[in-house]
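Each reported figure results from applying straightforward, stated rules to the coordinates on display, with no laboratory input. What you see is a predicted model; the values in this text were computed from it and never measured. Cβ atoms come from the backbone with ideal geometry, glycine included; neighbour counts cover every protein chain shown.
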């Protein structure tokens with residue numbers, strides 16, 4: 001009987017809130033904030049085109065370290081949680097735990113003081129420079145310009 005009263009009261013509260021202009025205004029502000037965050041993410045994607053090779057290497061290194069090292073550690077920590085009943089992870093935490101691990105690992109690795117990320121970025125830069133300096137194999141079906149076009 002008590003749960004029925006709680007459900008009735010919460011439903012009545014929601015129905016009363018429908019016509020409340022303050023709630024509509026708050027939802028509008030939340031929608032605008034959400035829209036602006038989407039726009040800012042789109043802006044950062046277009047900024048990636050203008051990145052230097054160092055910035056691209058740093059970003060790739062951050063993604064690699066976050067995915068290959070930090071996320072598995074966070075996943076293992078979450079799975080070995082043996083907390084007592086009130087502190088035990090609920091169904092939402094179990095469902096969205098992977099997403100939380102992804103965001104947290106990107107935040108952790110995004111700091112400027114990760115030596116591993118710096119080292120991976122340096123290695124990527126060295127390999128990228130070595131690859132760009134390597135001779136591109138000639139196409140046997142196209143004659144070099146100095147031979148007059150004869151094959």
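Were the residues from residue 130 through residue 73 laid out at 0.36 nm apart, the gain over their Cα-Cα distance would be 17.2 nm. Computed extension gain for residue 92 through residue 104, at 0.36 nm per residue and net of the alpha carbon distance, reaches 2.6 nm. A simple spin-label model places pseudo-atoms 7 Å from Cα toward Cβ; at residue 49 and residue 81 they are separated by 4.2 nm.
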